[in-house]
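S.K.: Once you've had a glance at the structure underneath, I'll fire off some questions.
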Amino acid sequence: MKFFIDTANLEQIKEAQALGILDGVTTNPSLMAKEGITGEDNIINHYKEICELVDGDVSAEVISTDFDGMVKEGEALAALNPQIVVKLPMIKDGVKACKYFSSKGIKTNVTLVFSAGQALLAAKAGATYVSPFIGRLDDISTDGLNLIAEIRHIYDNYGFETEILAASVRHTMHIIDCAKLGSDVMTGPLSAIEGLLRHPLTDSGLAKFLADYQKGN
Ligand code: E4P
């Protein structure tokens, strides 16, 4: 399972990268705005900086909602670095743009996916990644994890190569549940990733080992 961090915060990206388990980064316009990154030039420079910090895929989202605009923006983003994955919204023109980019060998991430039908379309259009937003489904009393299971089932039925990128991951148990369901990738905050480290028996066991070592020295 690949681990992506879902942030535009460079410090958090560096911290996750230093842990040695990071496979990539996802961003979106809200995450960029949260870091105060506004204006085309600053946004482009920020993507370049992120690509320098990590080895893996970096999703960069288009703002356009029409086919021509998405193609123009996506081509410019993809030209920044081979690590860039063009992130496209799950709308009609987004599907067309996905097909366009996949036929050119440019990596894509179809975002804002909330149903199995949308995920099926993304795979048909050759998406590299499909991003079902599990946390936002949970927010409206719908089972986000069930969507991951449905997509896994459908993709396995037909051998689709599109990778399931569980997005809108909010906490550590989401990561574990997505791993059990066979999600190819998850993207979440650093706090959810670091939650995987914690167990009280690890802490008490280590304290005992260290105390016993001190006794003998
Ligand atoms: C995915 O690519 C999105 O950036 C993200 O996971 C959305 O998460 P949120 O629902 O916590 O905003």
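S.K.: Quickly run through the stretch 164-176 and pick out the residues that are assigned to a loop (DSSP other than H, G, I, E, B) and under 20 Å from residue 128 (Cβ atoms).
M.R.: Going through the stretch 164-176, the residues assigned to a loop (DSSP other than H, G, I, E, B) turn out to be 168-171.
Of everything in the stretch 164-176, those that are assigned to a loop (DSSP other than H, G, I, E, B) and under 20 Å from residue 128 (Cβ atoms) turn out to be 168, 169.
S.K.: Scan the stretch 34-51 and tell me whether some residue there is free of Cβ contacts under 8 Å to residues at least 12 places away in the same chain, surrounded by 17 or more Cβ atoms within 10 Å (Cβ to Cβ) and farther than 24 Å from residue 196 by Cα. Show your work before the answer.
M.R.: Let us first name the residues in the stretch 34-51 that are free of Cβ contacts under 8 Å to residues at least 12 places away in the same chain, namely 36, 38-43, 45.
Imposing the further condition that a residue be surrounded by 17 or more Cβ atoms within 10 Å (Cβ to Cβ) reduces the set to 43.
Those left that are additionally farther than 24 Å from residue 196 by Cα: 43.
Checking the stretch 34-51: at least one residue is free of Cβ contacts under 8 Å to residues at least 12 places away in the same chain, surrounded by 17 or more Cβ atoms within 10 Å (Cβ to Cβ) and farther than 24 Å from residue 196 by Cα.
S.K.: Taking into account only those residues within the stretch 108-158 that are hydroxyl-bearing (Ser, Thr, Tyr) and either buried (at least 18 other Cβ atoms within 10 Å of the Cβ) or under 17 Å from residue 92 (Cα atoms) (or both), which is farthest from the ligand (Cβ to nearest atom)? Walk me through it before giving the result.
M.R.: Keep residues of the stretch 108-158 that are hydroxyl-bearing (Ser, Thr, Tyr), which gives 108, 111, 115, 128-129, 131, 141-142, 155, 158.
Narrowing the set further to residues that are either buried (at least 18 other Cβ atoms within 10 Å of the Cβ) or under 17 Å from residue 92 (Cα atoms) (or both) leaves 108, 111, 115, 128-129, 131, 155.
Numbers: 108: 13, 111: 5, 115: 16, 128: 13, 129: 9, 131: 5, 155: 18 Å.
Looking at the filtered set, the residue picked out is 155.
S.K.: What number of residues in the stretch 177-194 are more than 16 Å from residue 59 (Cα to Cα) and in a loop (DSSP other than H, G, I, E, B)? Steps first, answer last, please.
M.R.: Going through the stretch 177-194, the residues more than 16 Å from residue 59 (Cα to Cα) turn out to be 177-183, 190-194.
Next, from what is left, pick out any that are in a loop (DSSP other than H, G, I, E, B): 181-183.
The number of residues fulfilling the criteria is 3.
S.K.: State yes or no: is residue 144 among the small types (Gly, Ala, Ser) and in contact (Cβ under 8 Å) with a residue 40 or more places away in the chain?
M.R.: On the way: among the small types (Gly, Ala, Ser): yes; in contact (Cβ under 8 Å) with a residue 40 or more places away in the chain: no.
No: the conditions fail for residue 144.
S.K.: Could I ask something else about it? Taking the conditions exactly as written (within 16 Å of the ligand (Cβ to nearest atom) and not basic (Lys, Arg)), does residue 67 satisfy them or not?
M.R.: Numbers: within 16 Å of the ligand (Cβ to nearest atom): no; not basic (Lys, Arg): yes.
No; evaluated as a whole, the condition is false for this residue.
Every number in this text was worked out from the coordinates using simple rules, so none of it is lab data. Quick caveat, the model's predicted, so the values are computed rather than measured. Cβ atoms come from the backbone with ideal geometry, glycine included; neighbour counts cover every protein chain shown.
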